[in-house]
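For reference, the structure is listed below as structure tokens.
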There are 4 protein chains.
Amino acid sequence: MIIILKDNPEEKQLDNLTQWLKSMDLDIHFSTGENTTIMGLIGDTSVVDIDLIMALDIVQAVKRISEPYKNVNRKFHPKDTIVDIAGNKIGGGNFQIIAGPCSVESKDQVCRIARDVKAAGAGLYRGGAFKPRTSPYAFQGMREEGINLLMEAKKESGLPIVTEVMDISHLHLFEDVDVIQVGARNMQNFELLKELGRMDKPVLLKRGLSSTLKEFLMSAEYIMAGGNEKVILCERGIRTFETATRNTLDLAAIPLLKEKTHLPVIVDPSHATGIASLVKPMAMAAAAAGADGLMIEVHNDPAHALCDGAQSLTPAQFADVVKAVNLILPHAFRG
Amino acid sequence: MIIILKDNPEEKQLDNLTQWLKSMDLDIHFSTGENTTIMGLIGDTSVVDIDLIMALDIVQAVKRISEPYKNVNRKFHPKDTIVDIAGNKIGGGNFQIIAGPCSVESKDQVCRIARDVKAAGAGLYRGGAFKPRTSPYAFQGMREEGINLLMEAKKESGLPIVTEVMDISHLHLFEDVDVIQVGARNMQNFELLKELGRMDKPVLLKRGLSSTLKEFLMSAEYIMAGGNEKVILCERGIRTFETATRNTLDLAAIPLLKEKTHLPVIVDPSHATGIASLVKPMAMAAAAAGADGLMIEVHNDPAHALCDGAQSLTPAQFADVVKAVNLILPHAFRG
Amino acid sequence: MIIILKDNPEEKQLDNLTQWLKSMDLDIHFSTGENTTIMGLIGDTSVVDIDLIMALDIVQAVKRISEPYKNVNRKFHPKDTIVDIAGNKIGGGNFQIIAGPCSVESKDQVCRIARDVKAAGAGLYRGGAFKPRTSPYAFQGMREEGINLLMEAKKESGLPIVTEVMDISHLHLFEDVDVIQVGARNMQNFELLKELGRMDKPVLLKRGLSSTLKEFLMSAEYIMAGGNEKVILCERGIRTFETATRNTLDLAAIPLLKEKTHLPVIVDPSHATGIASLVKPMAMAAAAAGADGLMIEVHNDPAHALCDGAQSLTPAQFADVVKAVNLILPHAFRG
Amino acid sequence: MIIILKDNPEEKQLDNLTQWLKSMDLDIHFSTGENTTIMGLIGDTSVVDIDLIMALDIVQAVKRISEPYKNVNRKFHPKDTIVDIAGNKIGGGNFQIIAGPCSVESKDQVCRIARDVKAAGAGLYRGGAFKPRTSPYAFQGMREEGINLLMEAKKESGLPIVTEVMDISHLHLFEDVDVIQVGARNMQNFELLKELGRMDKPVLLKRGLSSTLKEFLMSAEYIMAGGNEKVILCERGIRTFETATRNTLDLAAIPLLKEKTHLPVIVDPSHATGIASLVKPMAMAAAAAGADGLMIEVHNDPAHALCDGAQSLTPAQFADVVKAVNLILPHAFRG
């Protein structure tokens, strides 16, 4: 961490700052020029509150050099993390496709799609029981009953279940869920992240619509700091000025995240683009760029999906995507 | 709402769609050209799930004409809402300044600043007990104890208290809090919004970093749909490519929101800019543009603030801002 | 095009509007509900100035249904355009890699890299003679002399040359250049686009940093409207809030552009990311997503590149990228 | 400027770098920790090409501390620049309102509006002769004839003329124009900026849609580096995800720019918002925030404006805005 001081810093304040930094076991190197004094801090700066230093009268700027995260940092954990979900591994060279409907609607629907996506090659099953919807008047999901139906689908198909939690108070319903998903809007619901950090269950963390990769990793750090090491990151598009697609899928995030962290990184091309015809090429591109998996929305009858239908594939279209992705995988980018 | 059909829509599907729309008490007007058929829907379209229609094979595009919100809509409630907070009114020509420290740190600190900002002209007191912080290693707020200290400050100063809630499970601690703040990161924490909708307490809803005004209003609609009509909107900057300020303060949102809704709209120039020297000019600009109030961060000793110090004002600087704003107010924009 | 009228439109104004639209050979269909009247315009609406209609007192909103571009529109030209550059075809299943240094620096440099990238598999050679630089104090390119050196490299290597024009007044120097590049900052330099439209030479048009795909296509339409049909589109990243990469590479733009236009679409992963280690995975992803080519920055000695060095590959690294891309290509997305 | 080296930098490369920096008359201070070495450069670093250093193998990161601009920098020119336009001063406490139609359409139109805006209090007259339009099929302006008509309006009204140039090759037509405007799309048309730098005529430089304030100031620096000191900066909104307004007006840019530069800063609320009803509150807010002037679109008959009509005011509405702004001005923010 580097602290750039203002011209002619008040001596007593500088002294206070120096003492305080030393009290955190940091070594300080001064570099003094004609007009500018720079303090270089050596040591574990992840505990230093950057805003606190910025607030000081004598400070012009503060720049971090080392990353503010530790547990998710590949530097301190060079080997890929492999998350094992009931025998289905993800990360470290293991690729998984998570598929299923946006919303759980009925037992028949949820079981039929489970069979279909399993046959097509999906390794995990997703379905929304609790649905974050922009409008209070839109369908909010089947909630507890939706979770029960997902359990039926799991029993029938044998596929482990991924489903989204929206509030701490619902977590008790997720006991038999295999992977708990944190949606984009909750990526910085820090109380929820802390609670998930205390659990021993894989968490699929989706990137927030306006979150930098650093903030994304810090949210994963919240979970890992609590002791839960089973975190899967999911790039799902960011909000930009472009409106031709629902969001802008940031595929450079895959190799960049994998440089910075050992956690598995998957991609959700369905929500990112919001357009069914773009799911296949983006799934293929994600695989080529080195993603550890995909999350794809599939519906048996897109014409009747209760939400997000425009981006859903039929099981036949999904099978076609899986085939195309499987042809890319042997040639995909590996570090 | 307008539905634009694809060329040569399959007749049976079109029939299904028509029946379904009629079942929602909507009138349908067809406008058929050589290549394009347009359906105009007349009636209460706020209940129609736009994504569901978009998913239909025969549909090319769907466009809303009327707003998807009702309770917050000025069309159906032309008169300004005035929220009364222990006698301090906001909205409908009543202007309030909410001031206080980012974080509650000690009884002495919280009471001293309360006295200072009251003397300078603040009508409400803010302070953070629960703090949403990007890093799990940053100070997370004094939490329950912080709320208690705010109550002490209220007793001493007589100022009503505004403080942020981060999770439903903490709400029981907010009984004596006068205004519950929903932070930018929780603007789409829909479960929290629903819970606040069931309460009879003013809610200060901050705009999300990447939320459109429509989404902002929809989140207010969540609260009002539950029966709680005491909602105050707060513009606090959006995330853009510009990094010279922490966020980009969207002051055009003030008159635009006030055209669309009857709810009071206030502005937080401290968090929006993240730079102390910009708080005064942005407070003045917000007042000129017709804001119903301001939320300003004040600290007795910025050099020791535990968070967000760079944007805090001293009580003396705050008093100077209040004076400048008061000179603008008589000439401010009114509809 | 749909025009949504305000409630109770003034009759004479409505009459004027109707007459004016009819004078442009448009058919008008009225759809009148209780509160809303909708006009559907059928015919060639690409000539209608949407802002002009928006300005009318009686108009609430105007929405285009059909695209405002004609020449670039795949609807009216379903077959892929193939641009032939001295025998090197691009588009319609023909994939080309354009490689070379950011800036032309010396005869030795420019010829050596040309030999290297040709050996590695590049089909065209790029090099900057005129350089758009943010700072007036940064190296502005060798300009006319740079073009001459590129011609030497062409003679030696046999590779056709792609280089950027920055102003109409320099165009006379580009006579022997094979492809004229329009940089991101000039994507809406309309006078330049018109001039290029009058030429019979391939134009490589880069997407502007803050341009929507629609605006991108409209800029291509400027060139085609002048009669020049040899336009190659290049996605090179857009400006977003994310700062981990220089720009955010929008790979969904590839299949989306190819749905909307018949023009070839290539990708520049070097400028998009600004990070050398991301060039390979993004090149592979672009190929997988169906791009018609790539533009990659290569330098013989990155430590001495005069600009943009951080994103340049050595010839050896470039050869490795070409190999990886060639393994992806047979399995790439095709419509 | 600070250079952060990678761990264990190769000695010879470090030596080369050090020599090269010293050759630019820079003092270097080393700060060496256990893992990190930091070089602090003292001296005139505005000539240092940051990308060139970034490209070196041994460099991890480079951070500028001092600004890369000199001529526009308030540090080196603390006094406000006052631009005198035929006796109408702008900057240094002098406030000017520039008003007029988006496009010049006819002699009658252009002269009538000139009289009207002068009567209402405008100090300069604007009108578009060359029009940058997204579509090649939209009205492109009256061009040379438009300039002639503006000269007629100048003769009649006595108001100095501001109008936009789109290409160097048209500059000869601007001899009698009082202020040459550079539009947002040309803010980084560096060849044009250099040419304007060689002229002795005020330039009104509009901020690019996706330009940071630093880039904005660097473009002004291009003009000043050529010797032309009469530069007026104009904030006109940036492109963000929000679509409720055409662009997002960044009013914090006013005080921030004025901290960093001595140049006058004005605001264009018409183009920024694209909505007539927002022009007044944003004009008032801009004045309150300390702007040195405004640029407002006025049309005698908005229903027939040839472009951008939705944001135009009638002369009567404009007069109302001027009155409201004049009430704010005595209380406006001053540093």
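The values are calculated or read from the model by the stated rules, or taken from the named source; none is laboratory data. What you see is a predicted model, and the numbers here were worked out from it, not measured in a lab. We place every Cβ from the backbone using ideal geometry, glycine too, and count neighbours over all the protein chains shown.
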Qualifying residue in the range A:18-29 (condition: closer than 30 Å to residue A:145 by Cβ, of a type outside the set (Val, Ile, Thr) and modelled with pLDDT of 85 or more): no
Residues that are within 14 Å of chain D (Cβ to nearest Cβ) and basic (Lys, Arg), drawn from the range C:14-70: C:63, C:64, C:70
Pairs, first farther than 14 Å from residue D:278 by Cα in the range D:313-335, second among the aromatic types (Phe, Trp, Tyr), C-beta under 7 Å, six or more apart: D:329/D:95
Selected residue [assigned to a helix (DSSP H, G or I), touching a residue at least 12 places away in the same chain (Cβ under 8 Å) and within 19 Å of the chain's Cα centre (by Cα)] from A:192, A:150: A:192
Within the range C:252-271, considering residues that are more than 13 Å from the chain's Cα centre (by Cα) and at the interface with another protein chain (Cβ under 10 Å from one of its Cβ atoms), the one nearest to residue C:184 (Cα to Cα): C:269
Test result for residue A:318, within 21 Å of residue A:161 (Cα to Cα), at pLDDT 95 or above and either assigned by TED's automatic domain parsing to the domain that holds residue A:210 or crowded, with 24+ Cβ neighbours inside 10 Å (or both): yes
The range A:71-88, residues that are part of a strand (DSSP E or B) and either within 14 Å of chain B (Cβ to nearest Cβ) or in contact with a Phe, Trp or Tyr (Cβ under 9 Å, 6 or more places away or on another chain) (or both): A:73
Complete set of residues in the range C:58-88 that are within 30 Å of residue D:310 (Cβ to Cβ) and crowded, with 17+ Cβ neighbours inside 10 Å: C:58, C:59, C:62, C:65, C:66, C:67, C:68, C:69, C:70, C:71, C:72, C:73
The range D:168-187 - residue that is part of a loop (DSSP other than H, G, I, E, B) and either surrounded by fewer than 21 Cβ atoms within 10 Å (Cβ to Cβ) or among the aromatic types (Phe, Trp, Tyr) (or both) and, of those, nearest to the other protein chains (Cβ to nearest Cβ): D:175
Candidates C:56, C:41, filtered to the one that is farther than 21 Å from residue C:219 by Cα, among the hydrophobic types (A, V, I, L, M, F, W, C), in a loop (DSSP other than H, G, I, E, B) and not assigned by TED's automatic domain parsing to the domain that holds residue C:318: C:56
Residues within the range A:314-334 that are under 26 Å from residue A:301 (Cβ atoms) and among the aliphatic types (A, V, I, L, M), tallied: 6
Unmet criterion (only one of (1) within 9 Å of chain B (Cβ to nearest Cβ); (2) crowded, with 22+ Cβ neighbours inside 10 Å) for residue A:139: (2)
Residues of the range B:157-167 that turn out to be away from every other protein chain (no Cβ under 13 Å), crowded, with 16+ Cβ neighbours inside 10 Å and not in a strand (DSSP E or B), as a count: 3
Residues being more than 7 Å from every other protein chain (Cβ to nearest Cβ) and crowded, with 21+ Cβ neighbours inside 10 Å - total across the range C:198-227: 14
Sole exception among (1) farther than 24 Å from residue C:90 by Cβ; (2) surrounded by fewer than 24 Cβ atoms within 10 Å (Cβ to Cβ) for residue C:190, by number: (2)
Which numbered condition residue C:94 fails, given (1) crowded, with 21+ Cβ neighbours inside 10 Å; (2) away from every other protein chain (no Cβ under 14 Å): (1)
Among residues of the range C:49-108, those that are of a type in the set (Lys, Arg) and within 30 Å of residue C:8 (Cβ to Cβ), counted: 2
Only listed residue being buried (at least 19 other Cβ atoms within 10 Å of the Cβ) and more than 26 Å from residue B:187 (Cα to Cα), chosen from A:129, A:119, A:153: A:153
Number of the condition not met by residue B:7 [criteria: (1) more than 11 Å from chain A (Cβ to nearest Cβ); (2) buried (at least 16 other Cβ atoms within 10 Å of the Cβ)]: (2)
